[in-house]
Amino acid sequence: MDSVLEEVEFLARSENRVEVLTALADSRRTRRDLEAETDASQATLGRILGDFQERSWVRKDGSEYVATATGTLVARGLTDLLEILETECELRGLVRYLPTHAMDFDLRHLADATITTPTQTRPNAPVRRLLDLVETADEVRAFSHAFNEQNLTVIERRVTAGELSFSGVLSRNAIEALADDPELNDRLRSLLAAEDTEIHVREEGIPLAVTIADDTVHMLLRDETGVLRASIDTDDEAVRSWATDTFDHYWRTATSLADDDLQA
């Protein structure tokens, strides 16, 4: 194990080593090519390439350098590690709020996600991000333990105007909270009566707040007290597949919401 950690440290100590190895794993290069790509001096490149040749990670072929099979293996593993650490840095402040127990995709698929957090001047920024997505979508599917007033208002307006189709699975608690408020009750009734709407209610509860707006998956993240901490959204295919499958599961295990269910 010590020797393995020494090799990791050898690579980690130099950004140039990482860049040179990953470049050669991609395709063969001359020293001039590597100098242009890495901004490393010829003297530095000489030392790096010599170290790599000693480890049999790189071989020289005429004027070019080529990664060996083991060099390519190391480069790929290093790239994976860097991607994992980059994603971890992005998610570090949010991981306590992510419902990871209900997310069966690799978190690396969130590497390019848009993260929106509340600020002093925009405390509602995560919800605003959701509303922006809903405002431009043609189809929205959602499964959630809550349905906030702003989201309900935008969806009801766009659906009744014929601009949006909506399918939602809401927890019983979410439905009851809306039914207890006369204004929100009326708005939900209006939405439910619209042609391009179908809403199901789930008795067991839903531990997530997920919206699929066309091809984008959006999640609202709250802490254990219900305070909104952030939102995260992505159009990654694996995340979208997870969200779609989860929606379908909740949809099948829920019942259709009827107007009688909205009696306050």
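If you take Cα Rg over 2.2 N^0.38 Å from the coordinates, which of [x] 0.98; [y] 1.07; [z] 1.40 do you get? This structure yields the entry labelled [z].
Each stretch of four or more DSSP H residues adds -39500 (n - 2.57); spread over every residue of the chain, this sum gives -15000 deg cm²/dmol at 222 nm.
Treating r as the C-beta distance of residue 190 and residue 245 and R0 as 51 Å, the FRET efficiency rounds to 0.95. Listed by Cβ neighbour count within 10 Å, with the fewest neighbours leading, 234, 68 appear as 68, 234. For the stretch 2-88, the spherically averaged projection of the C-alpha convex hull amounts to 5.7 nm². What you get for the stretch 2-88, charging only the Cβ of Lys and Arg (+1) and of Asp and Glu (-1), is a dipole of about 520 debye around the Cα centre.
FRET efficiency for the residue 3 to residue 203 pair, using the beta carbon distance and R₀ = 41 Å, is estimated at 0.10.
For the chain, what proportion of DSSP beta bridges, expressed in % and rounded to the nearest 5, is antiparallel? Intermediate values should be presented prior to the final figure.
Details: 26 of 38 bridges.
The antiparallel proportion sits near 70 percent.
Its Cα centre serving as origin, the chain has a Cβ charge dipole (Lys and Arg +1, Asp and Glu -1) of approximately 900 debye.
So which helices of the chain fit the span-like rule, where a helix is a whole DSSP H run, its Cα atoms reach 24 Å or more along the axis, and its mean Kyte-Doolittle is at least -0.5? Qualifying helices, which must be both long enough and hydrophobic enough, are 69-91.
Under 5 Å between amide hydrogens, built in the peptide plane, is the criterion, and for residue 29 it picks out 65 among residues at least 5 positions away or on other chains.
Here, each number is a calculation from the coordinates, and none is a lab measurement. The model shown is predicted, which means the values in this text are computed figures rather than measured ones. Cβ atoms come from the backbone with ideal geometry, glycine included; neighbour counts cover every protein chain shown.
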